[in-house]
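The values are calculated or read from the model by the stated rules, or taken from the named source; none is laboratory data. Remember, predicted model here, so these are calculated numbers, not experimental data. For neighbour counting, all protein chains shown are included, and Cβ atoms are generated from backbone atoms with ideal geometry for every residue, glycine included.
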Amino acid sequence: MAEALRTAKGVHDILPDDQDYYTFIKKVVRHRARQAGFRRISTPIFEFTDVFKRTIGDTSDIVSKEMYTFEDRKGRSLTLKPEGTAGVVRSYIQNSMNQLPQPVMLYYFEPHFRYDRPQKGRYRQFWQFGLEVLGENDPALDAQVIHLAHKINEDLGVGHIFSLQLNTIGTSEDRKKYMQVLQDYYVGKERSLCEDCLSRLEKNPLRLLDCKEEDCIILAELAPAMKNYLDAESIAHHEELKGYLDELGIEYTENDRLVRGLDYYSRTVFEFWDKEKGAQNAIGGGGRYDGLAELLGGSPTPGMGYAAGVERLIANMKREKIKVPHKDDLHVFVAQLGREAKRKCLPLIDQMRDAGLKTMGALGKGSINIQLRLANKFKVPYTVLIGITEVREGTAIIRDMEKGIQETVDFDEVVDRLVELIGEEDLDKYSPGELTY
Ligand code: HAM
């Protein structure tokens, strides 16, 4: 026998029971996004590597060690998308979305890929939903994106678990000045830093502020505060945003060491942290990225967005024992005996499904009893039985599986009778909407 193959490390099948959670989250996001004027976008699973390299930053963890980068047959460097924002901005530029009424508001629900060390809440393929608002830099928009993220957490029943951490990191010029201040501050303290921070000190000292190692945390707490090095406009933007959040009744914690792991941010940054576990396993984060479009060769275009990890949301929903509704339960199993009966069953099943009855059956060649046992395993409330006698008489038997009673009805009346038994309100009558020509 050939060796049974398994999934690669850090990736998972999403089995039907978990699909219910993905579907539910997708519906909540779609609903909230649509209410706020967002439209859905999907960018390709892979992009030219430069899309991510130029924006997320060479020294970031993502670009330096977490990207799935490969060459295509012509030697071009491509990368599986590790996050959604860079691709969306690339698409905004490529598709001249600056010609549309601004701001352009887009949302996505997509798989992403990072060569992370797999552990709980950290996978190599994971799903994110994201919101991006392009073409406007009003702090009221920052407040609206944060509010929307908060609402979605609440709709999913996990709002109370997370605290909103908020900071401003100013413009890239401010940060350059501040990074010099930080480098000066750390002179002579190198011996207390972890290995990662030692290399960050050279390349991206800002990241020293959000290191999770104990000694590094102590040093970061004593470091000069970034606030004192920011321009007046950034401070004003931040104050205005806080005013709007207060107006919306959203609680936040001001966290002046929150810097985020991607380089493209400017001014507003925020994350939703687990109230008990802190920064580890943040459910989502985002911020303003006013300089990103230019890095990708576009004209200056302000932007603001958020993304959340779907697997982490699901883990928290499960931890809170939250169950999601699903519509997969079957109504009817059709059991038949003989080829003639099977032939009659197929169009009948088709009519039942069209009427909104979730139906399976006309399977196999087992005895009626074997098929009834199978129907029980599928937990259907009703089974339709068609044997040789029923074919001859033009009838069918409808069996109530729970009560164990059955009735014989004319073949032509089977669908109507089942609809009556199941009840109009429980039929699966979902319609994707009318087509127009
Ligand atoms: P991020 O903080 O890198 O931001 O990722 C957002 C969320 O994705 C995280 O909070 C986490 O829930 C989830 N996540 C990240 N990596 C993994 C992983 N390896 N396994 C499972 N879940 C993961 C961004 O990606 C930005 N693009 C957000 C943004 C949108 N900023 C502006 N617009």
Practice problem: Please name all residue pairs, on different chains or six or more residues apart, with Cβ atoms under 8 Å, provided the first residue is in region 9-29 and is at negative phi and the second residue is polar (S, T, N, Q) and outside any loop (DSSP other than H, G, I, E, B). | Solution: V11/Q125; H12/Q125
Quiz prompt | Single condition L248 does not satisfy, out of (1) crowded, with 17+ Cβ neighbours inside 10 Å; (2) more than 19 Å from I169 (Cβ to Cβ) | solution = (1)
Exercise. Kindly list the number of the only condition in (1) over 21 Å from the mean Cα position of the chain (by Cα); (2) surrounded by fewer than 20 Cβ atoms within 10 Å (Cβ to Cβ) that fails for I322.
Key: (1)
Practice problem: Consider only pairs whose beta carbons are under 6 Å apart and that are at least six residues apart or on different chains; among these, list those whose first residue lies in region 268-281 and is within 24 Å of T171 (Cα to Cα) and whose second residue is modelled with pLDDT under 85 and of a type outside the set (D, E, K, R). | Solution: none
Quiz item: In region 281-291, which residues are more than 7 Å from the ligand (Cβ to nearest atom) and surrounded by 24 or more Cβ atoms within 10 Å (Cβ to Cβ)?
Solution: R288
Quiz prompt | Close pairs from region 171-182: first in contact (Cβ under 8 Å) with a residue 12 or more places away in the chain, partner aromatic (F, W, Y), Cβ under 9 Å, at least 6 apart | solution = D174/Y229; R175/Y229; K177/Y229; Y178/Y229; V181/Y229
Exercise. Specify which of the listed residues (E83, E66) is over 14 Å from the mean Cα position of the chain (by Cα) and among the acidic types (D, E).
Key: E66
Self-check item: Residues (closer than 27 Å to V11 by Cα, of a type in the set (D, E, K, R) and free of Cβ contacts under 8 Å to residues at least 12 places away in the same chain) located in region 69-112
Solution: E71, D72, R73
Exercise. For M304, state whether it is buried (at least 19 other Cβ atoms within 10 Å of the Cβ), touching an Asp or Glu at 6+ places or on another chain (Cβ under 6 Å) and modelled with pLDDT of 95 or more.
Key: yes
Practice problem: Determine, yes or no, whether S172 is away from the ligand (no atom under 14 Å from the Cβ), of a type outside the set (K, R) and in contact with a Gly (Cβ under 8 Å, 6 or more places away or on another chain). | Solution: yes
Practice problem: Kindly indicate which of E294, E276 is surrounded by fewer than 22 Cβ atoms within 10 Å (Cβ to Cβ), assigned to a helix (DSSP H, G or I) and away from the ligand (no atom under 13 Å from the Cβ). | Solution: E294
Quiz item: Restricting the search to region 252-273, which residues are more than 9 Å from the ligand (Cβ to nearest atom), modelled with pLDDT of 95 or more, crowded, with 18+ Cβ neighbours inside 10 Å and over 19 Å from L292 (Cα atoms)?
Solution: W273
Practice problem: Name the one entry in G387, G361, G356, G309 that is within 16 Å of the ligand (Cβ to nearest atom) and surrounded by 14 or more Cβ atoms within 10 Å (Cβ to Cβ). | Solution: G309
Exercise. Confirm whether K403 is modelled with pLDDT of 95 or more and either closer than 30 Å to I14 by Cβ or buried (at least 20 other Cβ atoms within 10 Å of the Cβ) (or both).
Key: no
Quiz item: Limited to region 364-385, what total is found for residues that are modelled with pLDDT under 95, under 19 Å from F411 (Cα atoms) and in contact with a Phe, Trp or Tyr (Cβ under 9 Å, 6 or more places away or on another chain)?
Solution: 0
Quiz item: Regarding K365, is this residue over 31 Å from the mean Cα position of the chain (by Cα) and part of a loop (DSSP other than H, G, I, E, B)?
Solution: yes
Quiz item: Out of all the residues in region 405-425, which are touching a residue at least 40 places away in the same chain (Cβ under 8 Å) and more than 14 Å from Y382 (Cα to Cα)?
Solution: F411
Exercise. Give the number of residues within region 58-100 that are within 12 Å of the ligand (Cβ to nearest atom) and among the small types (G, A, S).
Key: 4
Self-check item: Number of the condition not met by H326 [criteria: (1) touching a residue at least 60 places away in the same chain (Cβ under 8 Å); (2) in contact with a helix residue (DSSP H, G or I) (Cβ under 8 Å, 6 or more places away or on another chain); (3) not in a loop (DSSP other than H, G, I, E, B)]
Solution: (3)
Practice problem: Could you please find all residues in region 355-368 being closer than 17 Å to I398 by Cβ and out of contact with any Gly (no Cβ under 7 Å at 6 or more places or on another chain)? | Solution: A355, G356, L357, K358, T359, M360, G361, A362
Practice problem: Return yes when L201 is touching an Asp or Glu at 6+ places or on another chain (Cβ under 8 Å) and surrounded by 14 or more Cβ atoms within 10 Å (Cβ to Cβ) and no when it is not. | Solution: yes
Self-check item: Selection within region 118-148 - more than 14 Å from the ligand (Cβ to nearest atom) and either crowded, with 21+ Cβ neighbours inside 10 Å or under 23 Å from the mean Cα position of the chain (by Cα) (or both)
Solution: P139, A143, H147
